[in-house]
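> Got a structure here, written out as structure tokens. Questions coming.
The values are calculated or read from the model by the stated rules, or taken from the named source; none is laboratory data. Computed from a predicted structure; not experimentally measured. A quick note on method: Cβ atoms are made from the backbone with ideal geometry, for glycine too, and the neighbour counts reach across all protein chains shown. Please note that ligands, DNA and RNA were not included when accessible areas were found on the heavy atoms of the full protein model with its side chains. Shrake-Rupley method; radii C 1.70, N 1.55, O 1.52, S 1.80 Å.
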Amino acid sequence: MTRTVHCIKLDKDAEGLDAPTAPGELGQRIVENGSKEARKLWLGQQTILINEHRISPLAPESRKFLENEMEKFFFGGGSELPGGFVMPK
């Protein structure tokens, strides 16, 4: 059975996540306030950040950076694209 949430990122009712996709309090906040659609958008943003900053998601400092960007993406003003980034056509 699907669960509907009012997605804080998209500002609309949408299908909610089934389980936390991030650890701790942030993951729980995203489950309660985020949608599957917003999660897909975040995965695209995360891929851009990893590639453009040339970071490893396994490194602790990189995980912290991505966690901060995830929080901004869902609950802040949004995660910014790296300077000079041009979306491929």
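> Any chance you could count how many residues in the stretch 40-59 are assigned to a helix (DSSP H, G or I) and not aromatic (Phe, Trp, Tyr)?
Residues that pass the stated criteria total 13.
> Do we have Ser62 as in contact with a Ser or Thr (Cβ under 6 Å, 6 or more places away or on another chain), open to solvent by less than 20 Å² (accessible area, probe 1.4 Å) and not in a strand (DSSP E or B) here?
Criteria met by Ser62.
> Any residue that is free of Cβ contacts under 8 Å to residues at least 60 places away in the same chain, in contact with a Lys or Arg (Cβ under 9 Å, 6 or more places away or on another chain), assigned to a loop (DSSP other than H, G, I, E, B) and open to solvent by 40 Å² or more (accessible area, probe 1.4 Å) - is there at least one of those in the stretch 21-39?
Taking every residue of the stretch 21-39 in turn, at least one turns out to be free of Cβ contacts under 8 Å to residues at least 60 places away in the same chain, in contact with a Lys or Arg (Cβ under 9 Å, 6 or more places away or on another chain), assigned to a loop (DSSP other than H, G, I, E, B) and open to solvent by 40 Å² or more (accessible area, probe 1.4 Å).
> Further, regarding this structure: Would you confirm whether or not the stretch 74-89 contains a residue that is touching a Lys or Arg at 6+ places or on another chain (Cβ under 8 Å), in contact (Cβ under 8 Å) with a residue 24 or more places away in the chain and assigned to a helix (DSSP H, G or I)?
yes
> Let me ask something else about it. Restricted to the stretch 41-59, and to residues that are of a type outside the set (A, V, I, L, M) and either closer than 18 Å to Leu17 by Cβ or surrounded by 12 or more Cβ atoms within 10 Å (Cβ to Cβ) (or both), which residue is nearest to the chain's Cα centre (by Cα)? Reasoning before the result, please.
To start, the set of residues in the stretch 41-59 that are of a type outside the set (A, V, I, L, M) comprises 42, 44-47, 51-54, 56-57.
Then keep just the ones that are either closer than 18 Å to Leu17 by Cβ or surrounded by 12 or more Cβ atoms within 10 Å (Cβ to Cβ) (or both); that gives 42, 44-46, 52-53.
Values: Trp42: 3, Gly44: 8, Gln45: 7, Gln46: 7, Glu52: 16, His53: 16 Å.
Step by step, filter the stretch 41-59, then rank; the result is Trp42.
> Could you grab me the full set of residues in the stretch 1-20 that are within 25 Å of Arg63 (Cβ to Cβ) and either open to solvent by less than 80 Å² (accessible area, probe 1.4 Å) or part of a helix (DSSP H, G or I) (or both)?
Residues satisfying the conditions are Cys7, Lys9, Gly16, Leu17, Ala19, Pro20.
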